[in-house]
Amino acid sequence: MDSTILVTGATGTLGRRVVERLLADGARVRVMSRRPRPEGDDRPYEWAPCDLAKEKGLDAAVQSVSTIVHCATDGRNDVEGTRRLVKAARGAGNPHLVYISIVGIEKVPFFYYNAKLAAERLVMDSGLPWTILRATQFHDLMATMTTAQRRLPVVLVPSGLRFQPIEVTEVAERLAELAQGAPAGRVPDLAGPEVRHARALADATLRAAGRHRLLVPLRLPGKTFRGFRSGGHLAPDRAVGKVTYEQYLAARARAGRL
């Protein structure tokens, strides 16, 4: 086993930032992705084509790595994908497994959160050295909740919900740090700097994009949204993120991405 760090989901929103941070730190990186390596990509990492859902290429991807940062996520296959990854890793020398999860998944009965919680248990029971980091929602997700409705005459906003969004690069930096350190078990949560009402986030997104829409509150029923309304997904005592939502929006607007 060498000091190579494998990143699953390495071309996704979080994974590609983790790869960038690790490369900046001088780490040896192996990128795992279902996609082929882009033509002309000469960045200094290995490329491991792999489909976790089909286990195609998995054994080769995990071979001779010291650490796996598991960023790949799919609401339908998170548990099975993690199970397959753990099995392959155990057969490849017991690397350190670093898993990214979500704050409050045991408090909000959302199907995706249930899957993340089950995946956490697989990691903890794997017999591998492990580290789990939980984070709050990324700024990108909060913005998408509004921008995805750009063609509608109004913007629907979940009533009574609050969020604590965090900048994805801050999560990537912490994951890269953990990947280059010793296994640490469940580490302190990582949460954004502010708890904000969904309506305030939607309003800020519209203003940054120069759009004007009526915000219509939508009261959502059921256990899942009761869990969200109770704030189970928040971590105000771990408000360690630095980038505010408005700062994120300003950067997106300057880049013409709103």
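The values are calculated or read from the model by the stated rules, or taken from the named source; none is laboratory data. Please read all numbers here as calculations on a predicted model, not as lab measurements. Every residue, glycine among them, receives a Cβ derived from its backbone with ideal geometry; neighbour counts consider all protein chains shown. Ligands, DNA and RNA are excluded from the accessible area calculation, which covers all protein heavy atoms including side chains. Shrake-Rupley method; radii C 1.70, N 1.55, O 1.52, S 1.80 Å.
Checking each residue in segment 20-32 for being open to solvent by 10 Å² or more (accessible area, probe 1.4 Å) and free of Cβ contacts under 8 Å to residues at least 40 places away in the same chain picks out L23, A24, G26, R28, R30. Only one entry in A202, A250, A182 is modelled with pLDDT of 95 or more, farther than 30 Å from P129 by Cα, open to solvent by 10 Å² or more (accessible area, probe 1.4 Å) and of a type in the set (A, V, I, L, M), namely A250. What do you reckon, is L141 open to solvent by 20 Å² or more (accessible area, probe 1.4 Å) and part of a loop (DSSP other than H, G, I, E, B)? Criteria not met by L141. Listed by first and then second residue, the pairs linking a residue in segment 1-13 that is over 13 Å from V62 (Cβ atoms) and touching a residue at least 60 places away in the same chain (Cβ under 8 Å) to a residue that is open to solvent by 30 Å² or more (accessible area, probe 1.4 Å) and assigned to a loop (DSSP other than H, G, I, E, B), with Cβ atoms under 7 Å apart and 6 or more places separating them unless they lie on different chains, are S3/R28; S3/S66; G9/T73. Just to be sure, is E39 surrounded by 16 or more Cβ atoms within 10 Å (Cβ to Cβ) and of a type in the set (D, E)? When the stated conditions are applied, E39 does not pass them.
In segment 162-179, of all residues being open to solvent by 10 Å² or more (accessible area, probe 1.4 Å) and touching a residue at least 40 places away in the same chain (Cβ under 8 Å), the one that is farthest from T146 (Cα to Cα) corresponds to L178.
Picking from residues in segment 63-91 that are free of Cβ contacts under 8 Å to residues at least 40 places away in the same chain and open to solvent by less than 20 Å² (accessible area, probe 1.4 Å), the one that is farthest from G192 (Cα to Cα) is A88.
Looking at this structure, is I105 β-branched (V, I, T), crowded, with 21+ Cβ neighbours inside 10 Å and closer than 22 Å to R16 by Cβ? In short, no.
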